[in-house]
Every structure is written in C-alpha cells, then in structure tokens.
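The values are calculated or read from the model by the stated rules, or taken from the named source; none is laboratory data. Note that the structure is predicted; figures quoted are calculated from it, not measured. Counting neighbours? That spans all protein chains shown, and the Cβs are built from the backbone with ideal geometry, glycine included. Only protein heavy atoms, including side chains, enter the accessible area calculation; ligands, DNA and RNA are left aside. Shrake-Rupley method; radii C 1.70, N 1.55, O 1.52, S 1.80 Å.
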Amino acid sequence: MRTKKSIKTNGTARLLQGNEACVHGALLAGVRFFAGYPITPSTEIAELLAHELPRVGGVFVQMEDEIAGMGAVIGASLAGAKAMTATSGPGFSLKQENLGYASFTEVPCVIVNVMRGGPSTGLPTAVGQGDIMQARWGTHGDHPIIALAPWSVNETLRLTIQAFNFSEKYRTPVILLLDEVIGHMREKVNMPKKSAIEVVERKRPDVPAHAYQPYEMTADLVPPFADFGSGYRYHVTGLAHDQWGFPTTRPDEVKSLVSRLRDKIENNRADICLSEEYRCEDAEHILVAVGSAARSAREAVEQARKKGIKVGLIRPLTVWPFPRRLVLHYAPLARRFVVVELNLGQIVLEVERLVAGKAKVESLTRYDGELITPAEIISRLVEEE
Amino acid sequence: MSVIHEYIRSTKKFPHLWCPGCGYGVGLSALVRAIDSLGYSRNDVILISGIGCAARAPVYVDFNTLHTTHGRALSFATGIKLVKPHLHVIVIMGDGDALAIGGNHFIHSCRRNIDLTAIVFNNRIYGMTGGQCSPTTPKGDRATTAPYDNFDTSFDICNLAVGAGASFVARGTTYYAKQTERFIKMALAHKGFSVVEVISQCPTIYGRLNKMGGPVEMLKWQRDNAIPLEKVRQRWSDSTDPAGDLGGKILTGIFVNRETSEFVSEYYAMVARLNGSRKNGEAKT
C-alpha cells in the first residue's frame, strides 16, 4: 500500500486505478464499514479502505471468509452504517446466500465484484465478464437486483456513489460489476467536489416505536428502515415475513411481500436504468457492450464510421434491470445488433429477447482472458458487409 | 407476572414451535432472566440467531432480533457490534448451526475475542430437519443419517472454544437451569468473546432415536450425568489426555474466565490514536 496521504476531494485531477476510484467513490458516498476477504483482482479496494476507514471513524474488518464478509456487511447496515464488500467471481459465489438474504430483508449494501476470467479459480489476474448472469440470478429464489457496470476509472468513481445512492434509496443490495481491466487500469480522474455530489440517506422512521412496521406497504414501496439499537425493536428474518417482520406462510402476505420487492425496482426503471447511446441515430449495426468491452466497441464505432459503415453503440451502465428502452427503440430501426462481451454470451440473451426477431442479433465474444480488440469487432462488421 | 412475561412477544408469536418437552424454552428463559437481572435496556439488546430449532428463539422476545442464514449469525453479529459497540449483542445457535456450517465463524470469533456472547443450545442432533447427525452427536449414537450408529467423532464445544481463544467459556444444562442462568449472566457481563453451551434434551428426535425415554427421563439423565468441572480438574491435570475419559458424562462449569485484549475496543483505540483523540467512540453512520 503506497497511499499515505488521506484522500482529498478538492476538485482536482488525479491519476487513479479503477479499484482506487471505487474506494474514493465509496468514501464520498459515506461508506463507514467494509468487511471482506482478500481476492484478486479486487484486493486494492480492501487495502485502501483498511487505510482510509479508520481515519474517518469507520470500520474495516478482514473476515475469516467471503461468507462472513457479506454477513458482517448486512449486520453493519442494520446497525445504521453504509456498508460494502468487494470480491471477485469465486468470492461472489460464496456471498450469494447472504446476498439473497439482504435482498429479501431489504438491507442496503454495496457488493463490488471485480470480474476475472473463467469459472472456478479461472484466470485470477485476467479479464472476464462471466458474472453478468450471476449478478442477476446467483442466489436462490426469485428477487430483483440492481447491478451497475462502469467502463472507465472516472465512471467507476461516479457509479460507486450511484450504487450507494440506489442502495439507500431503494433499500436493496446493489452490485457493482467491474472487470479486471477496469479495476486495474489507471486513468485521469476529475475528483468531484464534495458539494457537487448528491448523497442519498436511507429513509428512517418517524413514527412512535410501537407503530413501526419495518416492511410496511408504503406508497413508494420502500418502507423506512430503523437502525438496530435506535429504539425501534423489530424482527428481521430471511423467512417470508409480514409487515412487522415476523415469519408468515400466509399466501396473501407472501405474495404481497415478493410483489412489493419486485415493483419497488420495476416501477423505478426510469430512475435506475442508466445507459448511453453513441451514434445510433442512423446506425444499421448497433453494438451492445459494457465495461472494458465497451471501450473497444466505442473505438470500433469510430474506425468503422471512417470506413463508411453505419455503426452505433448502446452501453448499459445499469446492467440489471436491463435498460431495455434503448434496445426496444432501435430494434425496428437497425439491421443488426452485435453484442460484444468477454464471456460465452450472456448479455446477448437479453438483447435477443428484446429485439424479438425485429433485427438480426449476433454474439461476438472472447473468453480467453484477453481483451477484445476494435479490429476484431470491425472485421466482424465488415464480414457481413 | 413472571419476568419472562414482560419480555415475550405474547400477542405476536405464540404458541411457539418447539416440541413438547424441548429444553430450549428453559434455555431462553434463563437468558431472559439473566438479561433482566443485569438491568439492560431492551433497546440495547440485540438477539441474533442462525437456522434451526434454537434459531427460532429470538422471535419470541421483545428485543432487537435478527434471524440470519444458517451458521452465519456470528458474522452478522460482528458487523453490528463493530458499528454500535455499546449494544449487548447475543447470538443464539444450535450445535449444528454453530459447529458445522458455522464452525469457521465460531473459531474465528473466539480468536478475535470480540465482545459477543454466543449461547449454544446443544441437543446433539439436527432437530428441525428431522434427526440427522450433528457435530456433537456422540459416537455410537443413532441419527437418521447414522442408521448403523454414528462412527464420527464429536466436537467438545467448550474445549474447542477455549483452544480457539474465547475468554469466557462455560457449560450448563437445562436440568440445572439456575446454574445455566448464572453462567449466561457472567458471560453477558464479560468483556470479550463468551461462550455458554447449554445441554438440552430433545425427546422428540434425539431421545426417541436413542431410546432415552421422555423429557422427564432425559432431564434425570442430565441430573445423573452432569459432573462439576472442579471435581474432575484434579484428575484432568493428572491425565495425559486433557479431555479425560468421561465415560459419556457431561462436564459442567466454567472452563475459562480471563481478561484479555478485546477486538472492538482495540479497533476503536486505533481509530482514536489515528485521529489524535483518546476518546473511544463508535462508527460514524
């Protein structure tokens, strides 16, 4: 750990690694608790937070395993702290049961997964984007989730803040999907001034303690959340629960809970689904990509346009829920979609579903631990021309 | 009205789900009396559990209560305690919950000597899932997953906790309920990681499978087989095998009770040192 100076956010530019930018973003968002277990390529996040959190009165704790890391994060959030953990694929798998718990009990927290290549231990130091579907469906049972995927160091800082804000606003775990290249690359970052950042705090109850319902059906579907130990004594369980938090198997209560969890995310798609489109207006070919693959895709758009090929790029910043609006908009206008990703083809499934035959959908993938290059993308575009 | 009635969530969650004759209610009431006698504000008490029969205990009592995933209660507790050190964080686990799936968290909580109280209700079997072997099922006993008798060696929870670094460790029984209450009270007042194992009868599952009779016979068995630790300490120190040959008896008493550096206060001492203050606080939230 080389960083000796405390983090300054004075509106100046700094050269930062993606993982470092994630830490800066988390601190700006008000993180006060980190628990985790070391795993490449995410370790810089833990190391830097071990250095920084005690300086702001927060807590860093290295737990005995990934599962404990996730458990401690949930406990810390229940006690009122903005809490996070960071891991990579194998660790993310271990956290899944507790991630589902946080989702079902509506405990805000941020889980960073710096994706590496391959299943199992795979390619610990190489890039991959194989956890797109794990982020959506990794835990058991059915539940909504929010997952964000930045494509630059600068954006990593901003999306980390966003991840905390969504988490607090919607009382839900939020997953930040970096890939190894984004986590480890260094770029210039314009450090935002604290005053320029919107930081969301969770809604806390203001009713008398006896009237507090931690899982109340509120109009916005996000019930206020009381800190444990603040005088609101209530029960939290991973069992299906009623509005008081007590276990229930009554079908109407179970259905109402699960529907509310779904709807609090679904009804707010306009707020949650961040995406970017680039030169899509007249595009015959539309690339869809996230993270480091999107950087190559963007470069491919530039180069292909110079060759006279009409190409555009759709870049979801929010991967889940998938920003379907853009795909639906361009599906009848474009000739084909090429989904570029560093896995065997995961996002392409979502695009195929949305395009629904209105255009051709192709998958362009690479899964050998190397980056996909703009030249590879262009040669695919030209191939069909 | 007894002390217990003041604390139960009587309108919400009764009747409870434990079988007739189960010892877990005795364990829970010992805990509630211990909390009451210490005069803790119930707003400051956090009761956490994992999964299984014992894990259902918190829902019945009016504290801040948290029913977590199987085996993971101690990790949730660690997060809460680190953020709000002034809270009394108590974890109720079963033998399977604490020692099998939660074994890693158990030994590392002992190692950290974090100021939590772990109460392990030990009925020597998986009750809620119907009678499978647990890490404390004695060798030679019957379980649904040990139909030809258990050949697996069992854990001694207290010796494990002592070995891993817990600073207060005691074992009581549901027969000697007042003694158990006293151990729990001492554990709660102790600064550091404290473990109280509570040997309980499970007439419906363990007792039936092992032909131990009903709850009364099982309680009498506890009475006749519990040996105070002091009585065997001498034999213990003479023996090359520190656990000694107990012939199926249960050692009860306080295994360890020592003051040693505690994780949360050490952490906040470091925070105070870094920030040029001597005052120990809690996480800013």
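Please find, within region B:81-104, the residue that is nearest to the other protein chains (Cβ to nearest Cβ) out of those that are among the small types (G, A, S) and surrounded by fewer than 24 Cβ atoms within 10 Å (Cβ to Cβ).
Result: B:G103.
Which of the following residues is open to solvent by less than 10 Å² (accessible area, probe 1.4 Å) and in the same structural domain as A:N113 (by the TED database): A:V189, A:V181, A:V236?
Answer to the check: A:V189.
Hey, among B:N64, B:N43, which residue is modelled with pLDDT of 95 or more, within 9 Å of chain A (Cβ to nearest Cβ) and surrounded by fewer than 17 Cβ atoms within 10 Å (Cβ to Cβ)?
Answer to the selection: B:N43.
Being surrounded by fewer than 24 Cβ atoms within 10 Å (Cβ to Cβ) and not in a helix (DSSP H, G or I) is the filter here; which residues of region A:148-170 pass it?
Correct list: A:S152 only.
Taking region A:245-254 on its own, how many of its residues are in a loop (DSSP other than H, G, I, E, B) and either among the polar types (S, T, N, Q) or surrounded by fewer than 17 Cβ atoms within 10 Å (Cβ to Cβ) (or both)?
3
Any chance you could count how many residues in region B:69-80 are open to solvent by less than 10 Å² (accessible area, probe 1.4 Å) and either more than 7 Å from chain A (Cβ to nearest Cβ) or among the aliphatic types (A, V, I, L, M) (or both)?
Final tally of qualifying residues: 5.
On the given criteria, is A:S296 of a type in the set (S, T, Y) and open to solvent by less than 10 Å² (accessible area, probe 1.4 Å)?
no
Considering each residue of region A:267-314, count those that are under 24 Å from the mean Cα position of the chain (by Cα) and of a type in the set (K, R), and give that number.
3
Just one of the numbered conditions (1) surrounded by fewer than 17 Cβ atoms within 10 Å (Cβ to Cβ); (2) within 14 Å of chain B (Cβ to nearest Cβ) is not true of A:K203; which one?
So the condition that A:K203 fails would be (2).
Just to be sure, is B:N159 without any contact (Cβ under 8 Å) to a residue 24 or more places away in the chain, out of contact with any Gly (no Cβ under 7 Å at 6 or more places or on another chain), not in a loop (DSSP other than H, G, I, E, B) and not hydrophobic (A, V, I, L, M, F, W, C)?
no
Does A:G80 satisfy the condition of being open to solvent by less than 10 Å² (accessible area, probe 1.4 Å) and part of a helix (DSSP H, G or I)?
Against the criterion (open to solvent by less than 10 Å² (accessible area, probe 1.4 Å) and part of a helix (DSSP H, G or I)), A:G80 does not qualify.
Provide a single number: the residues in region A:58-95 that are of a type in the set (K, R) and more than 8 Å from chain B (Cβ to nearest Cβ).
Total meeting the criteria: 1.
Using the structure shown, decide if B:V32 is hydrophobic (A, V, I, L, M, F, W, C), more than 8 Å from chain A (Cβ to nearest Cβ), buried (at least 24 other Cβ atoms within 10 Å of the Cβ) and part of a helix (DSSP H, G or I).
In short, yes.
Taking only region B:55-114 into account, find how many residues are part of a helix (DSSP H, G or I), more than 21 Å from B:G25 (Cβ to Cβ) and not aliphatic (A, V, I, L, M).
Final tally of qualifying residues: 14.
For region B:142-183: of the residues being aromatic (F, W, Y) and within 20 Å of B:I199 (Cα to Cα), which is modelled with the lowest pLDDT?
Taking the candidates together, the pick is B:F155.
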